[in-house]
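Taking it in order: structure first as structure tokens, then the write-up.
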Amino acid sequence: MWTMSERLRGVVDQLAIQPCDRVLEIGCGQGVAATMVCQLLSTGTLTAIDRSTKMVEAATRRNAVHVASGRAEFLIASLEDMNLGDRRFDLVFAVRVGSFHREPERAHDLLRPWLAPGARVRSFFDVPV
């Protein structure tokens, strides 16, 4: 049986993160994948959103060192209402976020304003094989 961390490690491995990537995570939960992503970044950054205040608080605590360094930020928002200003991302990923599976075209349309040229968008619903 896979643990949460093993499943998320499989996801993060498939993202092919570059040290300078600007990464957006949709639905960060407690920030487990965020920790793994931040460990791969040097000059890059992670912005992570979740609709749940409790999850954002937990993710911020788990990743306090990355937040303090300016490498990570955690915001209370949903895909539908996020306002990220003029930020652009090289990589956007989501794990078990229903809208990417129920309405993938709509989810991608909602992301379009924040995608840098050549950006990659990846969504996962089950354990990567």
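Each value in this text was obtained by applying a stated rule to the coordinates, not by laboratory testing. Source: prediction; values computed, not measured. All Cβ positions, glycine included, derive from the backbone under ideal geometry; neighbour counts span all protein chains shown.
A few points about this structure:
- The chain, helix-only ellipticity at 222 nm - DSSP H runs n ≥ 4, -39,500 (n - 2.57), divided by all residues, nearest 500: -9500 deg cm²/dmol
- Compactness of the chain is given as radius of gyration and Dmax, 13.4, 42 Å, from Cα positions.
- Residue among 44, 27, 98 with the largest mean-square fluctuation in a Gaussian network model of the chain, springs linking Cα atoms under 10 Å: 98
- Packing-based order for 114-123, 31-40, using average beta carbon neighbours within 10 Å, highest first: 31-40, 114-123
- Hydrodynamic radius (Kirkwood) for region 68-117, which is based on Cα pairs only, to one decimal in Å: 12.2 Å
- Charge dipole magnitude, Cβ of K and R +1, D and E -1 - the chain, Cα centre, debye nearest 20: 180 debye
- Listed by Cβ neighbour count within 10 Å, with the fewest neighbours leading, 87, 112 appear as 112, 87.
- Going from the residue with the fewest nearby Cβ atoms within 10 Å to the one with the most, 5, 99 rank 5, 99.
- Normalised by 2.2 N^0.38 Å, where N is the number of residues, the alpha-carbon radius of gyration of region 46-89 equals 1.14.
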